[in-house]
Amino acid sequence: MIVRAAAKADLPGILDIYNDAVLNTTATADYEVQSMTARAEWLATRQRLGLAVLVAEEEGQVVGWSSLSPYQPRYGYRFTAEDSVYIAADWRGRGVGKLLLSALVDESRGAGLHSLIAKIDCQNTASIRLHTGCGFEQVGLLKQVVYKFDRWLDVAYLQLMLDGGEPNG
């Protein structure tokens, strides 16, 4: 298995994995599946901003992806990013998430980021375990802020402090 920067050719695999998560999990608060056009714009925006999008590939198939997003649009937050990790249903629990998140952390350090934030449904214990296993610490909890699948979800905030980021940069 290889982990590498995502390319436009990876968008069908990325989209399939994300849309499955929309329809079947609480990993995202989205209700509607995305179009290829929307996902292409998403990738182009991250590439323009210099934010990593990585894929895990096995025998030519995208089996997972991870990405960085701006945490907040205001300039003062420019050294903080939010991470996302999505794995194809039949590849979950096989170490793909750890490969992707570890590589994303390395990319974040290389990009000079200071802090990574993960927002995770509190019942998604696999994602919480993945993040804490990569050094994230839970720093907050927001109660009942997401409504999906006819129930309220609490969201845990996890954070990883990195060594990068220039206060005057």
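The values are calculated or read from the model by the stated rules, or taken from the named source; none is laboratory data. All values reported here derive from a predicted model rather than from experimental measurement. Cβ placement follows ideal geometry from the backbone for every residue including glycine, while neighbour counts extend to all protein chains displayed.
Residues considered: Asp106, Asp83, Asp163. Of these, the only one that is under 23 Å from Gln47 (Cα atoms), modelled with pLDDT of 95 or more, charged (D, E, K, R) and touching a helix residue (DSSP H, G or I) at 6+ places or on another chain (Cβ under 8 Å) is Asp83. Going by what's in this entry, would Arg48 be described as under 23 Å from Val96 (Cβ atoms) and either assigned to a strand (DSSP E or B) or of a type outside the set (Phe, Trp, Tyr) (or both)? It is false that Arg48 is under 23 Å from Val96 (Cβ atoms) and either assigned to a strand (DSSP E or B) or of a type outside the set (Phe, Trp, Tyr) (or both).
The set of residues from the range 116-130 being buried (at least 18 other Cβ atoms within 10 Å of the Cβ), in contact (Cβ under 8 Å) with a residue 40 or more places away in the chain and either more than 12 Å from the chain's Cα centre (by Cα) or in a helix (DSSP H, G or I) (or both) comprises Asp121, Ser127, Leu130. Picking from Ala89, Ala6, Ala21, Ala56, which residue would you name as being modelled with pLDDT of 95 or more and over 19 Å from Arg129 (Cβ atoms)? Answer to the check: Ala6. The residues listed here are Leu68, Leu158, Leu130; of these, the one that is touching a helix residue (DSSP H, G or I) at 6+ places or on another chain (Cβ under 7 Å), of a type outside the set (S, T, N, Q) and farther than 23 Å from Asn19 by Cα is Leu158.
Residue-by-condition table, conditions (1) over 15 Å from Ser84 (Cβ atoms); (2) of a type in the set (Asp, Glu):
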| position | (1), (2) |
| --- | --- |
| Arg4 | yes, no |
| Asp10 | no, yes |
| Ile17 | no, no |
| Val22 | no, no |
| Ala27 | no, no |
| Met36 | yes, no |
| Glu41 | yes, yes |
| Arg46 | no, no |
| Leu54 | no, no |
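Just one of the numbered conditions (1) surrounded by fewer than 22 Cβ atoms within 10 Å (Cβ to Cβ); (2) among the hydrophobic types (A, V, I, L, M, F, W, C); (3) under 18 Å from Leu15 (Cβ atoms) is not true of Trp65; which one? Every listed condition holds for Trp65 apart from (1).
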